[in-house]
Amino acid sequence: MADKTQAGDRTEANEAQIAVHWKEEQYFQPSKAFIDQANMRDPNIRTRFGEDNFPDCFKDYADMLTWSTPYDKVLDTNNPPFWKWFTGGKLNASYNCIDRHLAQYRNKAAFIFVAEPEEDPPVVLTYQELYIRVNEMAALLRDFCGLKAGDRVTLHLPMTPDLPITMLACARLGVIHSQVFGGFSGHSCGSRIEDSGSRILISTDAYWRSGKLIDHKVNADIAVQTAEEMGQHVDKVLIWQRYPGKYSSPTPMVKGRDFFVNDVLKQYAGKYVEPVPMDSEAPLFLMYSSGTTGKPKGCQHRTGGYLAYVAGTSRYIEDIHPTDTYWCMADIGWITGHSYIVYGPLLLAATSVIYEGTPTYPDVRRPWRIAERLGVNIFHTSPTAVRALRRLGPDEPSKCNYQFKHMTTVGEPIEPSAWRWYYDEVGKGQAVIVDTWWQTENGGFLCSTVPALDAMKPGSAGPALPGIYPIIYDDDGEEVAKGSGRAGNMCIRNPWPGIMQTIWGNDQRFVDTYYKRYCKNPQSKDWRDWPYMSGDGAMQAEDGYFRILGRIDDVINVSGHRLGTKEIESACLTVPEVAEAAVVPVVDEIKGRVPDVYVALSPGDYKAEEVAARVIQACDDAIGKIARPRHVYVVPDMPKTRSGKIMRRVLGAISNGADVGDVTTLANASVVEDIRVVVRDQNAGGKPQG
Ligand code: WTA
């Protein structure tokens, strides 16, 4: 709790009040050309999805699916907060993504696979071909592995079509897939095998990443061993081959346990597997949420509600039409990839691009060459990727002949300067941008502009989606009013079809994590008493747009002022030489916490000390002296996860003289030592920058 009596501190600084100092940005309007072709042009959409029409408004999304048995109730609230959606209905996910499109789109591309080696031409999987492969794989899973509806299977697959083929084959049988991000270690895969109780692991021999053919089979062995040690036995390990018929890993196969998928599949050539009609509430998949301490949380997503929600949001927010070529650069191993590379686009019969490798391989123009070659017109990526592509190749997009109509950003707040580069250079001033805020737990987008209807505002995720009713609470459970300039805990008042069902095997943790804090009455069966707590800090501007400030635990409390790390980072990024910035809290005897700043610079010849001085000035200017960094460290690169997120935890440990822990899963582990040297030298030089 802050000391309110500090001299010169006029800000009320109790736990509920967070200082926010980002200035408001101008609006950008969607073009007429975009509006004219958009899927959602009804200005009354938010009224149609307003509280008076809740929950029936979501029939609109459910109608985008084909049900083998129609549902009889939209929302069942009998056991809060374990909501049930479209109860009584039955459907199959694989049927909805593939079979029902065959009559019209049999020979249209479902996926286009782009291998990392550029000399390998793109591979097209038509809906017909996908249908054949998914059926054969489903037959294998059923007859060779003995899997049936409700069983869990762990997948640890990289970005090749084998991954969605496996997911859809599971879904055809009602088997619950649990894909672990391919970049995760064998250990993390093993603990997820154990948690989900999988007895089958599906992995691959190798895949391309940054010019190297990486041995992945080795992780399968570690995963199985880890799971065994934790008490979960794995019967069979299925190994896809990056080059069918050829084994690309030096790690031996284990006789009687490991099987090549491509060999076994021969027995199932041409087999058809009837899609199993699944209860609307049957779990479709688990997605373990990353990054937190303790046991991983298996977010359990339902079949009917989830599919309805991703279909609806893909149509209205991503503006996907069957004629579009859509490229989401995320990994299918994250929720973004599940919802917006696989399920969403396929439910709408679109063409979805799967790219195997790093976006900057072999050079920073690669994404734009891919866009040009495939005629991509919808593009979807993260602010981290935007910043990296901008840093390394600010003028590259203009050199390729593509034109996006629509672009998405997701995963973190995007600072206005990066947004503007995305808009001007990547979108060539013609594409709309949606800044979509949501989480693994949520199934699909929660906040975003509806692209043809709402103006864009850089740095703001926009208003809530139709049918989503957010509220910001302070720590005392009081509502934080819009336009108040104060931030609080971002919550959603109502259930929606995409929300997870529970944490796999841990209902209590589900209730405690998301609902306990702001529940008004634990006995109540009225959804209005059960707001969902996202764990993100946010504020709402006068115009109703939400600005997401990052995780509540990303907040740095300096002398009782809460400063969003993102807020300081965006101040640093106003210095033109700064390409990337990361802010971490450092323990300080007087102020509680103070920010340390790490910056990586754009290519060029700069004096580190001068840039550091300008960064300090920028923080002073944008936020105030309260946000002045203790140190500004100019580093060669940021420590990053395989998915591109900056590992602030590692920087925080270095700043605080603590153990950096396990850094082996970083994409660039060696940079940690370089950073340590910068920090040590600067501190020894006795030239603190702050
Ligand atoms: C953050 C990714 C700001 C947020 C889909 C959230 C964002 C966490 C945005 C979830 C956005 C996601 N603006 N912050 N547009 N989108 N976040 O579970 O802190 O990997 O809680 O899901 O990312 O990350 P997750």
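The values are calculated or read from the model by the stated rules, or taken from the named source; none is laboratory data. Predicted model, so just to flag it, every value in this text is computed and none were measured. Every residue, glycine as well, gets a Cβ built from its backbone with ideal geometry; the counts of neighbours run over all protein chains shown. Accessible surface areas use protein heavy atoms only, side chains included; no ligands, DNA or RNA. Shrake-Rupley method; radii C 1.70, N 1.55, O 1.52, S 1.80 Å.
Does at least one position in region 403-422 carry a residue that is hydroxyl-bearing (Ser, Thr, Tyr), in a helix (DSSP H, G or I), open to solvent by 30 Å² or more (accessible area, probe 1.4 Å) and within 16 Å of the ligand (Cβ to nearest atom)? Within region 403-422, one or more residues are hydroxyl-bearing (Ser, Thr, Tyr), in a helix (DSSP H, G or I), open to solvent by 30 Å² or more (accessible area, probe 1.4 Å) and within 16 Å of the ligand (Cβ to nearest atom).
Just checking, does region 479-492 include any residue being free of Cβ contacts under 8 Å to residues at least 24 places away in the same chain and assigned to a strand (DSSP E or B)? Yes, region 479-492 contains a residue that is free of Cβ contacts under 8 Å to residues at least 24 places away in the same chain and assigned to a strand (DSSP E or B). The strands (runs of 3 or more DSSP E) located wholly in region 573-690 that include 3 or more residues which are modelled with pLDDT under 90 and over 20 Å from GLU415 (Cβ atoms) occupy 578-588, 592-601. Note down all Cβ pairs under 6 Å where the first residue falls in region 596-618 and is hydroxyl-bearing (Ser, Thr, Tyr), the second is open to solvent by less than 20 Å² (accessible area, probe 1.4 Å) and in a helix (DSSP H, G or I), and they're at least six residues apart or on different chains. Once the first residue is hydroxyl-bearing (Ser, Thr, Tyr) and sits in region 596-618, its partners that are open to solvent by less than 20 Å² (accessible area, probe 1.4 Å) and in a helix (DSSP H, G or I) give TYR598/LEU651. Counting only residues that are free of Cβ contacts under 8 Å to residues at least 60 places away in the same chain, open to solvent by 30 Å² or more (accessible area, probe 1.4 Å) and among the hydroxyl-bearing types (Ser, Thr, Tyr), region 200-217 holds 0 of them. Can THR436 be described as buried (at least 21 other Cβ atoms within 10 Å of the Cβ), over 24 Å from PRO397 (Cα atoms), within 16 Å of the ligand (Cβ to nearest atom) and not basic (Lys, Arg)? No: the conditions fail for THR436.
Condition check ((1) farther than 18 Å from ILE468 by Cβ; (2) in contact (Cβ under 8 Å) with a residue 24 or more places away in the chain) across all residues:
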position: GLN29; (1), (2): yes, yes
position: ASP52; (1), (2): no, no
position: ASP60; (1), (2): no, yes
position: SER68; (1), (2): yes, yes
position: PRO81; (1), (2): no, yes
position: LYS84; (1), (2): yes, yes
position: HIS101; (1), (2): yes, yes
position: LYS108; (1), (2): yes, yes
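Filtered by the rule that a residue be open to solvent by less than 40 Å² (accessible area, probe 1.4 Å) and among the aliphatic types (A, V, I, L, M), region 246-279 gives VAL261, VAL264, LEU265, VAL273, MET278.
Results for (1) surrounded by fewer than 21 Cβ atoms within 10 Å (Cβ to Cβ); (2) at pLDDT 95 or above, shown as yes or no for each residue.
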{"site": "ARG517", "(1), (2)": "yes, no"}
{"site": "PRO522", "(1), (2)": "yes, yes"}
{"site": "ASP526", "(1), (2)": "yes, yes"}
{"site": "PRO531", "(1), (2)": "no, yes"}
{"site": "SER534", "(1), (2)": "no, no"}
{"site": "ALA538", "(1), (2)": "no, no"}
{"site": "ARG547", "(1), (2)": "no, no"}
{"site": "ASP553", "(1), (2)": "yes, no"}
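When restricted to residues that are basic (Lys, Arg) and closer than 18 Å to ALA388 by Cα, region 633-690 contains 4. Restricting region 301-329 to residues that are more than 16 Å from ASN442 (Cα to Cα) and crowded, with 24+ Cβ neighbours inside 10 Å, the residue that is nearest to the ligand (Cβ to nearest atom) is CYS328. Listed by position, the strands (runs of 3 or more DSSP E) inside region 166-246 whose residues that are in contact with a Ser or Thr (Cβ under 8 Å, 6 or more places away or on another chain) and hydrophobic (A, V, I, L, M, F, W, C) number at least 3 are 200-204, 236-240. Residue count for region 423-447 satisfying the condition of being in a loop (DSSP other than H, G, I, E, B) and under 24 Å from THR303 (Cα atoms): 6. Of the residues screened, TYR243 is one that is under 32 Å from the mean Cα position of the chain (by Cα), open to solvent by 60 Å² or more (accessible area, probe 1.4 Å) and aromatic (Phe, Trp, Tyr). If the condition is being open to solvent by less than 20 Å² (accessible area, probe 1.4 Å) and more than 16 Å from the ligand (Cβ to nearest atom), then region 503-514 contributes no residue at all. Among the residues of region 218-230, is there at least one that is more than 30 Å from TYR306 (Cβ to Cβ), open to solvent by less than 20 Å² (accessible area, probe 1.4 Å) and without any contact (Cβ under 8 Å) to a residue 60 or more places away in the chain? Scanning region 218-230, I find no residue that is more than 30 Å from TYR306 (Cβ to Cβ), open to solvent by less than 20 Å² (accessible area, probe 1.4 Å) and without any contact (Cβ under 8 Å) to a residue 60 or more places away in the chain, so the answer is no. Note on region 462-477: among residues that are at pLDDT 95 or above and outside any strand (DSSP E or B), the one that is nearest to the chain's Cα centre (by Cα) is LEU465.
Restricting attention to region 378-399, which residues are farther than 19 Å from ASP435 by Cβ and open to solvent by 10 Å² or more (accessible area, probe 1.4 Å)? Those that are farther than 19 Å from ASP435 by Cβ and open to solvent by 10 Å² or more (accessible area, probe 1.4 Å): ARG391, LEU392, PRO394, ASP395, GLU396, SER398, LYS399.
When restricted to residues that are modelled with pLDDT under 90 and under 14 Å from VAL599 (Cβ atoms), region 560-572 contains 5. The number of residues in region 377-402 that are within 25 Å of VAL450 (Cβ to Cβ) and either assigned to a loop (DSSP other than H, G, I, E, B) or more than 16 Å from the ligand (Cβ to nearest atom) (or both) comes to 4. Comparison of SER524, SER484 shows that the only residue that is within 21 Å of SER570 (Cβ to Cβ) and not aliphatic (A, V, I, L, M) is SER484.
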